[in-house]
1. Would you mind checking the stretch A:65-105 for residues with the amide N under 19 Å from a putative spin-label position 7 Å along Cα→C-beta of residue A:5?
2. Separation of the stretch B:1-63 and the stretch A:47-77 by C-alpha centroid, Å?
3. Which parts of the stretch A:27-62 would a label at residue A:98 reach, counting a residue when its backbone N lies under 20 Å from a point 7 Å out along Cα-to-Cβ?
4. Set the Förster radius R0 to 45 Å, insert the Cβ-Cβ distance between residue A:106 and residue B:69 as r into 1/(1 + (r/R0)^6), and round the FRET efficiency to 0.05.
5. Test of understanding: what is the full-extension gain from residue A:122 to residue A:20, defined as 0.36 nm times their sequence separation minus their Cα-Cα distance?
6. For a test of understanding, tell me how many lysine pairs in chain A have Cα atoms under 12 Å apart, given they are 8 or more places apart or on different chains.
7. Using the crude model of +1 on Lys and Arg Cβ and -1 on Asp and Glu Cβ, and no other charge, please compute the dipole size for the stretch B:46-126 relative to its Cα centre, in debye to 20.
8. Any idea which of A:9, B:8, A:28 is furthest toward the positive side of the dipole for the protein assembly as shown, if Lys and Arg beta-carbons carry +1 and Asp and Glu beta-carbons -1?
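Derivation of every value follows stated rules applied to the coordinates shown; laboratory data play no part. None of the values given here were measured: they were computed from a predicted structure. Neighbour counts are summed over all protein chains in view; Cβ atoms, including those assigned to glycine, are modelled from backbone coordinates with ideal geometry.
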Amino acid sequence: MNEFEPVVILLVEDDVGDQKLIKQSFRSEHIANEFRISDTTEGAIKYLERSKAGHKDCPMPDLILLDLNMPGLEGKELLKVVKTDPELDIIPVVILTTSDSERDIIDSFKLQAAGYVKKPVTLEDFQQVVTDLTNYWFVICKHIEHDKDMKNDRNLCIVN
Amino acid sequence: MEDTKPAVVLLVEDDPGDQKLVKYALRFQQHQSNLQIVGTGEEAIEYLRQCKKGDESTPRPDIILLDLNMPGMGGKKFLQNIKADDELSTIPVVVVSTSDEKQDIEESYKLHAAGYVQKSDNLDKLRRIIQKLTQYWFATSMLVKK
């Protein structure tokens with residue numbers, strides 16, 4: 001991964017408090033990152049459609065962090081969409097949720113989630129989870145460089 | 001995963017030197033693992049076939065570490081196979097390869113690899129890589145328990 005290009009993380013999460021917490025925890029890490037946040041599955045699908053169409057304000061994410069329980073379409077539907085679309089299927093999707101039900105874990109891995117993380121309760125544990133995620137996905141794992149020109153536009157794109 | 005039982009790691013790797021390196025790298029981690037080693041994709045499929053039968057000598061892997069360049073079917077074909085199997089598709093497969101070719105990385109993710117790590121033949125480096133990998137899979141992420 002190119003050290004000078006920030007990684008793009010698409011966070012799909014309806015809870016505003018969790019959005020902030022996740023973003024701030026990533027800010028403390030040593031890997032430059034940019035967040036794109038959608039509070040619904042539908043919004044994330046729209047975002048990815050724009051990424052595919054090459055819209056500069058919606059760069060292809062290097063990683064998707066996905067909450068499962070959201071109003072409207074549930075998170076699993078986004079996982080299905082990403083993993084069955086040949087233009088999107090290389091993006092790793094990690095579930096980040098409060099649920100630890102066995103059903104949700106099995107369903108998520110069946111749909112090819114690349115990890116299933118239960119949201120920690122304390123701030124300290126939250127930071128640890130974000131450190132572990134960063135170390136795995138952005139320090140040791142190799143990635144495909146998406147179209148670099150698209151990342152030059154730093155306008156924050158929030159889709160609702 | 002707060003299980004006290006060591007996580008079962010299936011290493012699919014044909015090079016005896018690399019097998020040893022991974023074994024040593026895993027040995028010094030905080031998270032204990034039960035390492036099972038097979039030398040080819042075909043052997044891995046046979047291992048998993050035994051596992052499905054519930055054979056105790058072949059425990060179900062919690063994760064699979066997969067080399068790409070192997071004689072016979074090779075890593076990608078194996079990955080395709082396991083991801084097409086309903087019972088096995090929930091097992092995360094992490095590619096551990098010397099290759100850092102774009103095509104290998106892209107194809108592996110397309111075949112639903114849950115990570116792609118470049119191998120190092122330096123034990124210290126490999127140990128640091130395996131530390132991050134085991135921390136992610138055995139402490140941070142939850143896994144399907146059978």
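1. A:65, A:87-93
2. Answer, in whole Å: 34.
3. Residues passing the 20 Å test: A:38-42.
4. Efficiency at R0 = 45 Å is approximately 0.90.
5. Roughly 35.3 nm would be gained on extension.
6. So the count of such lysine pairs works out to 5.
7. Around 160 debye, computed over the stretch B:46-126.
8. B:8
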